[in-house]
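Heads up, the thing below is written out as structure tokens.
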Amino acid sequence: MADNRNRSGHVLVWEQADMASDEGILPTKRFGTRHYTVFMLFLGMANAYVMRTNMSVAIVAMVNQTAIEKDSEVFDDECPDTDYGDDTHDSGQDGEFIWSTSMQGYILSSFFYGYVITQIPFGLLAKRYGAMRFLGWGMLLNSVFAFVVPVAARQGGAGWLIAVRFIQGLGEGPIVPCTHAMLAKWIPPNERSRVGSIVYSGAQFGTVISMPLSGLLADHGFDGGWPSIFYVFGIIGTVWSIAFLLTCYEDPVSHPRIREDEKKYIQQSLWGNASVHIPPIPWMSIAKSMPFYAILLAHLGQNYGYETLMTELPTYMKQVLRFSIKTNGVLSALPYLAMWLFSIVVGWVADWMLTSGRFNHTWTRKISNSIGQYGPAIALIVASFTGCSRALTVAILTIGVGLNGGIYAGFKINHLDITPRYAGVLMAFTNCSANLAGLLAPIAAGNIIEGKPTIAQWRIVFVIAACVYLFTATFYNVFASGARQFWDDPENDEPQKPSIEAPAMHSEVNGSNGTTVATLTHRNVNEQSS
């Protein structure tokens, strides 16, 4: 072991965890500061998706459905009608506002325009000034403006409501790139899969919580029902934002109360013995990096396929199968619940694959991502051939979205592998591009099935989405890498070569059990800092 560790007079960065364990630096398995940070980031992601999805439930109660002229929706007659899952009992809801279907679309999309345009700016700012405060203050802005939503709608109408939702989207822009940047500073490489899965599965957790709770508040809440949705979640978001800003820190070095052994473990796992420094972004090297394009393509395919699964398949069930999954709260939550649970399982398995020594980061990411993208692709193809079987289609939807959770241990966390320094910046670019690609799914489906929502036309929609999944997942498997890229400047994170005392130190290392290796390393740290 000692011979393997001693190469060119220094300990390799990716073997720091072994070294730390030998000396006792590896912290105990109890709840540590990094675990608290992960827990807060999980709650932040959940809160972000609550804020993103609650309007889709609230707007049903806000609009006077009987006062507007309902669009003539075309139904297919290939499948028999059913006496369950019917939406007709909702048609008598009398909300406060008379907004056309197109106006409702503008209101629902206004949040996402604000969200998309701030991805890249906040990713760059987080790299320069730190991610924690942008994340905390952005979510605080999002939460505070939730209180303004009812006032804007009642006093200013749709225009003011659109403006408020747009501002909420601006505030939520930092959530993904800044979360990624913080994970890069807090999480050792062999913990990334499960930690990334836990944090980003907060999106599904938030959706599972938001949809049924928003429905209950809309029916039984105060101030007319639907306003309570924004008041309740606004309070929750504000409390989280303040707690996050007061108790979380940018990295282990700046945290005043972290245990010293945990701080050393994190720092040496990530950066070796060098001080953390962030050089200018190597734009040209990134632009030539195939591992980066592999992540980008996988992210694009994910958002396109996911939007098809979660928005178009329910529409297919309503128009063709005559069954609306949205009327059943349990069935609506099942796909999100399956994805949440499966993503956590895959994350733990992926980290076991790494720590067992049987798989490296590259293979672990490719295997996890293959499950996460080939699985939904197969589900979409199968769903297009299930005919009029409602139960089977619901099962396929749940399985497909559930398997999609594999992406969190795949491309979603891969930014941190190839470039811990610039992970937030890369995530900002891929997430912004992917959200724009996701908007294409309903546009493409709408053009294909317009006026003729037959099973054959819907099959085209599903097969296109499956092909996007298959192509981008295959591209990822060919060009992705779990190795840290040279343009991340990893050499500056490795310990410096031994000084004049090196020969004595070498004999000391070769004649010991590895504890002395850690002693040597700490001595080098002191020499560097002095």
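Accessible surface comparison of L341, L426, probe 1.4 Å, protein chains only, largest first: the order is L341, L426. Ranked by the mean number of other Cβ atoms within 10 Å of their residues, highest first, the peptides 355-362, 467-474, 190-197 come out as 190-197, 467-474, 355-362. Solvent-accessible area of R390, all protein chains in place: 30 Å² (probe radius 1.4 Å, heavy atoms, ligands and nucleic acids excluded). Of the solvent-accessible surface of the range 289-487, computed with a 1.4 Å probe and all protein chains present, 72% belongs to carbon and sulfur. The H on the amide N of N64, modeled in the peptide plane, is under 5 Å from the matching H of G95, E96, F97, I98, W99, each at least 5 residues off or on a different chain.
Residues whose amide H lies under 5 Å from that of S201, counting only those 5 or more places away or on a different chain, are absent; hydrogens are built 1.01 Å from N in the peptide plane. Once the 1.4 Å probe is applied to the protein heavy atoms, the range 289-487 comes out at 35 Å² accessible per residue.
Of W340, W458, the order by accessible heavy-atom surface (1.4 Å probe, DNA, RNA and ligands excluded), from most exposed downward, is W340, W458. Would you mind classifying the range 130-238 by shape? Square roots of the alpha carbon gyration tensor eigenvalues, ordered a ≥ b ≥ c; an a/c under 1.5 is rounded, otherwise it is prolate if a/b is larger than b/c and oblate if not. In terms of gyration-tensor shape, oblate.
Using θ = phi - 60° in the Karplus curve 6.51 cos²θ - 1.76 cosθ + 1.60, the 3J(HN,Hα) couplings for the range 199-211 round to 5, 6, 6, x, 4, 5, 4, x, 5, 4, 6, 5, 5 Hz; x is entered for Gly and Pro. For the range 289-487, the dipole from Cβ point charges (+1 on Lys and Arg, -1 on Asp and Glu) about the Cα centre works out to 140 debye, to the nearest 20. In the context of the full set of protein chains, the range 119-198 has a per residue accessible area of 33 Å² (1.4 Å probe). Computed packing ranks the peptides 432-444, 410-422 as 410-422, 432-444, most packed first, by mean other Cβ atoms within 10 Å. Between the listed residues Y422, F479, T308, the Cα displaced farthest toward the positive end of the dipole of the range 289-487, a dipole computed from Cβ unit charges relative to the Cα centre, is found at T308.
The values are calculated or read from the model by the stated rules, or taken from the named source; none is laboratory data. None of the values given here were measured: they were computed from a predicted structure. Quick reminder, even Gly has a Cβ in these numbers, built from the backbone with ideal geometry, and neighbours come from all protein chains shown. Side chains are part of the model used for accessible areas, which takes the heavy atoms of the whole protein and leaves out ligands, DNA and RNA. Shrake-Rupley method; radii C 1.70, N 1.55, O 1.52, S 1.80 Å.
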